[in-house]
Amino acid sequence: MSVLVSGFSKLSKTEKIDWLIKNHLSDQKNAKDILTQYWNSDQKLQQLHDEFIENTVSNYYLPLGVAPNFVINDKIYTIPMTIEESSVVAAASKAAKFWQTRGGFKTKVIATNKIGQVHFTYPGAFSDLEDFFKNVKSKLILDAKPITKNMEKRGGGILDIQLKNKTKALDNYYQLHATFETLDAMGANFINSCLEQFAKTFKAEAEAMLPMPVTVIMSILSNYVPECLVRAEVSCNVEDLAEKDIDPNTFAETFVQAVKIAEIEPYRAVTHNKGIMNGIDAVVLATGNDFRAVEAGIHAYAAKDGQYSSLTHAKIENGIFTFWMEIPLALGTVGGLTSLHPLVKLALQILDQPNSKQLMQIVAVAGLAQNFAALRSLTTTGIQEGHMKMHLMNILNQFNATENEKTQIIEHFKTNIVTHSAVVEAIENIRQ
Ligand code: HMG
């Protein structure tokens with residue numbers, strides 16, 4: 001039974017664990033051992049992890065894998081991926097290997113503008129507000145100079161501020177809609193600081209110059225970044241899609257049809273895009289970026305035309321198969337976890353220290369590769385064959401298989417289809 005607690009945040013880590021065990025885990029004999037076995041023996045490193053979030057009691061491990069053989073704009077990459085789901089890294093690797101001999105991935109950053117808004121209400125005439133905004137706009141930018149001057153030195157900063165009238169949708173509701181260039185920073189802190197300064201100046205000036213009061217509701221960046229856009233693409237002659245027993249024409253046509261289904265059918269589009277996010281999230285996480293922001297922005301983009309749809313597209317034209325995707329991605333390669341988490345630093349090193357534009361391209365490629373691999377399986381063997389082949393080790397671990405049992409069973413499933421029940425049967429046969 002749950003109990004309420006006051007002052008929990010002020011307890012020491014040990015006291016928090018004791019409270020947790022007493023109130024939630026009293027039946028679990030070795031709860032403390034489970035929590036502490038994931039602590040790092042290097043106390044400084046553990047403290048670093050403890051301080052990433054609040055009320056930390058342990059570390060939650062996710063595997064860091066790497067997918068080699070990605071050729072992106074003629075440069076070879078090994079892509080780090082942090083993910084718990086089996087077959088994702090294998091699928092990315094397989095797609096990378098497939099495309100490395102077919103021209104590789106081509107990518108392009110289309111734009112890098114980020115957005116933030118001050119949401120406010122004004123009960124007076126719009127014309128008064130419009131005139132006031134024209135007068136105050138330069139002061140908004142000037143007052144934010146202490147925040148923007150370093151970013152400006154590097155070539156970024158505030159690009160524009162617009163007044164948006166949203167009163168048709170909500171009474172008295174307006175926005176200061178601002179665009180920013182934040183270069184290699186994801187920019188959340190920079191944008192939010194600028195917005196809060198805009199709000200301060202705007203409100204103070206309004207008090208002196210407008211007949212009615214401005215009420216600031218909130219100032220916050222938007223994770224919807226349709227003007228921070230990257231494109232990734234693969235293409236080759238249809239006959240070059242040939243592999244083993246796969247007929248290239250049938251494969252290309254079925255593949256394009258599968259993408260078209262995801263374009264028009266939301267039930268399919270969600271799963272299709274989930275597969276893309278397998279790749280995207282894994283690289284976003286490995287490189288210390290905010291996958292929730294990326295997820296929210298990308299799914300909003302997938303619905304930008306009024307219906308949730310596929311993020312990827314495919315066509316066959318004049319015997320050429322082309323498969324591509326354009327997605328919004330606001331990523332950072334400086335600041336945040338990128339300079340704090342030792343594994344994030346290492347992941348960025350594996351990628352040859354990309355700037356944020358290069359990282360956008362790498363992440364987009366991981367998403368496209370993932371979708372290619374999934375669709376390739378779905379339209380040929382079916383997903384279960386490869387997925388279950390990769391999942392085999394998880395099932396064996398669930399049944400505490402010994403090394404000897406694992407070796408025998410892996411050998412057995414080289415020539416047999418992996419299903420959960422077939423693996424259980426194989427374990428039972430060995431153990432009898
Ligand atoms: P395969 O043909 O059996 O693999 O594919 P293979 O043993 O012939 O090896 C070929 C290459 O695949 C390897 O080359 C690796 O690159 C990679 P090599 O290293 O030998 O030069 N590979 C591996 N890499 C690392 N560890 C491994 C490994 N095995 C192969 N153990 C594979 C097997 C799973 C790759 C294939 O069946 C596949 O791509 N399946 C798709 C799996 C997938 O999409 N998983 C995502 C999870 S399912 C999901 O959530 C999304 C979904 O619902 C989305 C949607 O509906 O669109 C499907």
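Just so it is clear, none of the values below were taken in a lab; they were calculated from the coordinates. Given the structure is predicted, the values throughout are model-derived calculations rather than measurements. Cβ coordinates were reconstructed from backbone atoms using ideal geometry, including for glycine residues, and neighbour counts include every protein chain displayed.
On the beta carbon distance between THR167 and ASN59, with R0 = 51 Å, the FRET formula returns roughly 0.55. Counting only residues at least eight positions apart within a chain, or on another chain, the aspartates and glutamates with an alpha carbon under 18 Å from that of LYS203 are ASP128, GLU130, ASP131, ASP143.
Highest mobility in the GNM of the chain, judged by mean-square fluctuation with C-alpha springs under 10 Å and restricted to GLY367, GLY157, GLY103, is found for GLY103.
Of the beta bridges in region 47-202, as assigned by DSSP with both residues counted there, near 95 percent are antiparallel. Considering only LEU45, LEU35, ILE21, and ranking their Cα positions along the charge dipole of region 8-50 that arises from unit charges at the beta-carbon of Lys, Arg, Asp and Glu, the one farthest toward the positive end is ILE21.
Using a Gaussian network model of the chain in which every pair of alpha carbons under 10 angstrom is joined by a spring, one finds that among ALA401, ALA232, ALA178 the greatest mean-square fluctuation is at ALA401. Net length available on complete extension from ASN237 to ASN355 is 39.2 nm, with 0.36 nm assigned per residue and the Cα-Cα distance removed. When the chain is treated as a Gaussian network with alpha carbon springs shorter than 10 Å, the biggest mean-square fluctuation among SER222, SER93, SER310 belongs to SER222. Each of THR379, THR402, THR415, THR182 has some number of other Cβ atoms within 10 Å of its Cβ, and from fewest to most they run THR415, THR402, THR379, THR182.
Over every pair of different alpha-carbon atoms in region 280-327, take the mean of 1/r and invert it; report that Kirkwood radius in Å.
Values: mean 1/r = 0.0800 Å⁻¹.
Every distinct Cα pair counted, the radius reaches 12.5 Å.
DSSP loop (so not H, G, I, E, B), at most 16 other Cβ within 10 Å: list which trypsin sites (Lys or Arg not before Pro) in region 123-197 pass both filters. For trypsin sites (Lys or Arg not before Pro) across region 123-197 that sit outside H, G, I, E and B with at most 16 neighbouring Cβ atoms in 10 Å, the list reads ARG154, LYS166, LYS168. Modelled label positions at GLU428 and PHE8, each set 7 Å beyond Cα in the direction of Cβ, lie 4.3 nm from each other.
The modelled label-to-label distance between THR78 and GLU295, using points 7 Å beyond Cα along the C-beta direction, is 2.9 nm. For a paramagnetic label modelled on GLU15 (point 7 Å from Cα along Cα→Cβ), amide N atoms under 15 Å away belong, within region 28-63, to 55-56. Put in line by how crowded their Cβ is, counting other Cβ atoms within 10 Å and starting with the fewest, PHE323, PHE133 read PHE133, PHE323. Obtain the radius of gyration and the Kirkwood radius of region 386-431 from its C-alpha atoms and give Rg over Rh. With Rg and the Kirkwood Rh in hand, the quotient comes to 0.90.
Between LYS32 and THR250, what length comes free when the chain is fully extended (0.36 nm per residue of separation minus the Cα-Cα distance, one decimal in nm)? Show your work: numbers first, answer last.
On the way: separation 218, 0.36 × 218 = 78.48 nm, distance 5.68 nm.
Length difference between fully extended and current span is 72.8 nm.
Under 15 Å from a label point set 7 Å out along the Cα-to-Cβ vector of GLU385, the amide N atoms of region 224-263 belong to 243-248, 251.
Compute the Kirkwood hydrodynamic radius of the chain, taking the inverse of the mean of 1/r over all pairs of distinct Cα atoms, and give it in Å to one decimal. Could you put the intermediate results ahead of the total?
Details: mean 1/r = 0.0398 Å⁻¹.
Every distinct Cα pair counted, the radius reaches 25.1 Å.
Taking 0.36 nm per residue of separation and subtracting the Cα-Cα distance, what length does fully extending HIS24 through MET212 add?
Numbers: separation 188, 0.36 × 188 = 67.68 nm, distance 5.37 nm.
Residue separation times 0.36 nm, minus the Cα-Cα distance, leaves 62.3 nm.
About its Cα centre, how strong a charge dipole does region 8-50 have in debye, to the nearest 20, once Lys and Arg get +1 and Asp and Glu get -1 at the Cβ?
100 debye
For region 8-50, compute Rh as the Kirkwood radius over C-alpha pairs and then the Stokes-Einstein diffusion coefficient at 4 °C and 1.567 mPa s; write the answer in µm²/s, rounded to an integer. D = 114 µm²/s. Shown here is the pair-distance distribution of region 88-221: with all Cα-Cα distances grouped in 10 Å bins from zero up to the longest one, the shares run 11, 35, 22, 13, 10, 7, 1 percent.
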